[in-house]
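J.: The structure is given below, and queries will be raised subsequently.
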Amino acid sequence: MKDFGFKKLMIFFILSATVALAYQIPYLRYTFYDQMAAALGLNDTQMGVLATAVSLTSTLCYPIGGFFADRFSMKTLMCVTLGAFTVLSLAFAFTTDYVILVGIHVLFGFFGIATLWSAYLTGLRALGDEDSQSRLFGSSEATRGIVQTLTAFVFLGLMGAAAAPAAGFRTVLIAGAVITGIILVLAVIFLPKESDGGAEEAGEEKERFSIKDVLTDKGVWLTIWIVCCAYVVWTLGNGYLTTYTVRVLGVSESLASTLGIIRSYIIVFLAGFIGGWALDRFSYKGKGFFILFGASAAVAAGVIFTDRVAAVCIGLTIFLAFLANIMKSTYWSVMGQAGIPAGMTAMATGIISFIAFIPDFIVPTVCGVWLDAATRAGDVSAGFDKIFILLIVFAVIGMAGAAVFVRQTRRLRREHGEI
């Protein structure tokens, strides 16, 4: 990344900022749940339906996104995404009709994945060579965190200055539309017209790949293995730590929220930049992930056995979040060493995402059942122990995948005469 010129840096920023906004505006309920419900006159069930509308549509659109990114330029897809989010945010701001709101959230899910996700991954991969992929993806994740943090403070200020929740929430959405519109203008100016599926930037002749080509590629399945395990470790290592510190370690809710902010913003920022730089130091990324999975398993075990020493346990939860976020920030950087051609990136990322993120539907429900059962039994720590054990299981499976991945990289290098 050291040879980044101004234009390349702008492309990097536009890609990262677009994804940041696309995964913030439809999820404002995480920050303004009560204000959103009051402004729109929704009950908890209706709020849940809106969330499901986004997540279900998003999942179904991963393969579509791969198809689009393989056939349309990155600039076209990014501009369509930003234009759609600008219009949808404004529509969101000026309606309380529940049917229309469901439709808006379905469209949020569609444009957040079908016209964005694979195009983003393809464009980002094309910005650097294989020696800088982890830094690229890690820095992009960190930049997304910075953008979301800054906009969150803007939104929070606007909400606080409003006379009523409805007016505040509407103002937040209008502000989101304005910010998205500004990024759209930058995209029109700076994104290259010739970008098409990343092949040109990578210096390769454009080649079409079919779904069969993707599904029979060993590198695709190894990437699914790594991404799936790393994503589950991230989900379990991030999603339950705030409530764990309250319900098991006995810290106050305010302190737990402070720790949550550290994990959600500071840790993400550090993990993106530091983790991306560190992983690029490994000639075999599989070795780096083997160490990360192993360390995550060890730290999770440490959390289980130190719950009576709150200070030590809290430190371990923060370190666990750091390790998990390094993996989430960089797992897409393994595609090159897996042997996935640059021209296959669009189709491959659509298929990989669709399969690798399937546990996202299952794991939270299973964990919820465990916690409810443990709470009823009067020993909630037992429920959290099961969650951490599940994390350890996926980390061990991930270690196995990383070991196979190293062998794959060595084989490919032998075939190309690199070793």
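J.: Of everything in region 254-276 that's among the aromatic types (Phe, Trp, Tyr) and buried (at least 16 other Cβ atoms within 10 Å of the Cβ), which residue is nearest to residue 401 (Cα to Cα)?
T.: 273
J.: Taking the options 172, 178, 154, name whichever one is in a helix (DSSP H, G or I), among the hydrophobic types (A, V, I, L, M, F, W, C) and buried (at least 19 other Cβ atoms within 10 Å of the Cβ). Steps first, please.
T.: On the way: 178 fails: buried (at least 19 other Cβ atoms within 10 Å of the Cβ); 154 fails: buried (at least 19 other Cβ atoms within 10 Å of the Cβ).
So the residue among 172, 178, 154 that is in a helix (DSSP H, G or I), among the hydrophobic types (A, V, I, L, M, F, W, C) and buried (at least 19 other Cβ atoms within 10 Å of the Cβ) is 172.
J.: When you check residue 203 against the structure, is it at pLDDT below 95, open to solvent by less than 10 Å² (accessible area, probe 1.4 Å) and not β-branched (Val, Ile, Thr), yes or no? Quick ask: steps written out before the conclusion?
T.: Numbers: at pLDDT below 95: yes; open to solvent by less than 10 Å² (accessible area, probe 1.4 Å): no; not β-branched (Val, Ile, Thr): yes.
No, not satisfied.
J.: In addition: Count, please, the residues in region 242-253 that happen to be farther than 13 Å from residue 317 by Cα and either surrounded by 14 or more Cβ atoms within 10 Å (Cβ to Cβ) or at pLDDT 85 or above (or both). Give the derivation first.
T.: So in region 242-253, the residues farther than 13 Å from residue 317 by Cα come out as 247, 250-253.
Now drop any that are not either surrounded by 14 or more Cβ atoms within 10 Å (Cβ to Cβ) or at pLDDT 85 or above (or both), which leaves 247, 250-252.
Counting residues in region 242-253 that are farther than 13 Å from residue 317 by Cα and either surrounded by 14 or more Cβ atoms within 10 Å (Cβ to Cβ) or at pLDDT 85 or above (or both) gives 4.
J.: Right, here's the next one. Name the residue, out of 78, 36, that is within 19 Å of residue 179 (Cβ to Cβ), open to solvent by less than 30 Å² (accessible area, probe 1.4 Å) and modelled with pLDDT under 90.
T.: Numbers: 78 fails: modelled with pLDDT under 90.
None of the other options fit; the residue is 36.
J.: Next question, about the same structure. All but one of (1) part of a helix (DSSP H, G or I); (2) polar (S, T, N, Q); (3) under 19 Å from the mean Cα position of the chain (by Cα) hold for residue 115; state the number of the condition that does not hold.
T.: Exception for residue 115: condition (1).
J.: Based on this model, can you work out whether residue 116 counts as within 21 Å of residue 62 (Cβ to Cβ) and open to solvent by less than 20 Å² (accessible area, probe 1.4 Å)? Reasoning before the result, please.
T.: Details: within 21 Å of residue 62 (Cβ to Cβ): yes; open to solvent by less than 20 Å² (accessible area, probe 1.4 Å): yes.
Taking the combined requirement at face value, the residue satisfies it.
J.: Hey, residue 233 hits all of (1) more than 24 Å from the chain's Cα centre (by Cα); (2) at pLDDT 90 or above; (3) under 28 Å from residue 352 (Cα atoms) but one; which does it fall short on?
T.: So residue 233 meets the others, but not (1).
J.: Run down 31, 18 and say which single residue is open to solvent by 60 Å² or more (accessible area, probe 1.4 Å) and either among the β-branched types (Val, Ile, Thr) or more than 28 Å from residue 139 (Cα to Cα) (or both). Working first, answer last.
T.: On the way: 18 fails: open to solvent by 60 Å² or more (accessible area, probe 1.4 Å).
Checking each option against the conditions leaves just 31.
J.: In addition: Can you tell me which residue in region 126-151 is farthest from the chain's Cα centre (by Cα), limited to those that are hydrophobic (A, V, I, L, M, F, W, C) and either assigned to a helix (DSSP H, G or I) or surrounded by fewer than 17 Cβ atoms within 10 Å (Cβ to Cβ) (or both)?
T.: As a first pass, look at region 126-151 and keep what is hydrophobic (A, V, I, L, M, F, W, C): 126-127, 136-137, 142, 146-147, 150.
Right, trim to either assigned to a helix (DSSP H, G or I) or surrounded by fewer than 17 Cβ atoms within 10 Å (Cβ to Cβ) (or both) and you get 136-137, 142, 146-147, 150.
Numbers: 136: 14, 137: 11, 142: 11, 146: 14, 147: 14, 150: 18 Å.
Among residues in region 126-151 that are hydrophobic (A, V, I, L, M, F, W, C) and either assigned to a helix (DSSP H, G or I) or surrounded by fewer than 17 Cβ atoms within 10 Å (Cβ to Cβ) (or both), the one farthest from the chain's Cα centre (by Cα) is 150.
J.: Scanning for something open to solvent by 10 Å² or more (accessible area, probe 1.4 Å), within 23 Å of the chain's Cα centre (by Cα), under 29 Å from residue 130 (Cβ atoms) and among the small types (Gly, Ala, Ser), does region 355-370 turn up at least one residue?
T.: For region 355-370, residues open to solvent by 10 Å² or more (accessible area, probe 1.4 Å), within 23 Å of the chain's Cα centre (by Cα), under 29 Å from residue 130 (Cβ atoms) and among the small types (Gly, Ala, Ser): absent.
J.: Out of 299, 303, which single residue is within 25 Å of residue 399 (Cα to Cα), buried (at least 19 other Cβ atoms within 10 Å of the Cβ) and in contact (Cβ under 8 Å) with a residue 60 or more places away in the chain? Working first, answer last.
T.: Details: 299 fails: in contact (Cβ under 8 Å) with a residue 60 or more places away in the chain.
Unique residue meeting the criteria: 303.
J.: Out of the residues in region 43-75 that are aliphatic (A, V, I, L, M) and either open to solvent by 50 Å² or more (accessible area, probe 1.4 Å) or not in a helix (DSSP H, G or I) (or both), state the one that is farthest from residue 350 (Cα to Cα). Before the answer, list the steps.
T.: Residues of region 43-75 aliphatic (A, V, I, L, M): 47, 49-51, 53-54, 56, 60, 64, 69, 74.
With either open to solvent by 50 Å² or more (accessible area, probe 1.4 Å) or not in a helix (DSSP H, G or I) (or both) added as a condition, the list becomes 49, 56, 60, 64.
Numbers: 49: 25, 56: 15, 60: 10, 64: 7 Å.
Filtering first and then ranking leaves 49.
J.: Being open to solvent by 60 Å² or more (accessible area, probe 1.4 Å) and either of a type in the set (S, T, N, Q) or in contact with a Lys or Arg (Cβ under 8 Å, 6 or more places away or on another chain) (or both) is the requirement here; does residue 216 meet it? Before you say what the answer is, go through the steps one by one.
T.: Working: open to solvent by 60 Å² or more (accessible area, probe 1.4 Å): yes; either of a type in the set (S, T, N, Q) or in contact with a Lys or Arg (Cβ under 8 Å, 6 or more places away or on another chain) (or both): yes.
Spelling it out, residue 216 is indeed open to solvent by 60 Å² or more (accessible area, probe 1.4 Å) and either of a type in the set (S, T, N, Q) or in contact with a Lys or Arg (Cβ under 8 Å, 6 or more places away or on another chain) (or both).
The values are calculated or read from the model by the stated rules, or taken from the named source; none is laboratory data. Just so you know, these numbers come straight off a predicted model, no measurement behind them. Here the Cβ is made from the backbone with ideal geometry for all residues, glycine too, and neighbour counts use every protein chain on show. The area values use the complete protein model at the heavy-atom level, side chains included, leaving out ligands, DNA and RNA. Shrake-Rupley method; radii C 1.70, N 1.55, O 1.52, S 1.80 Å.
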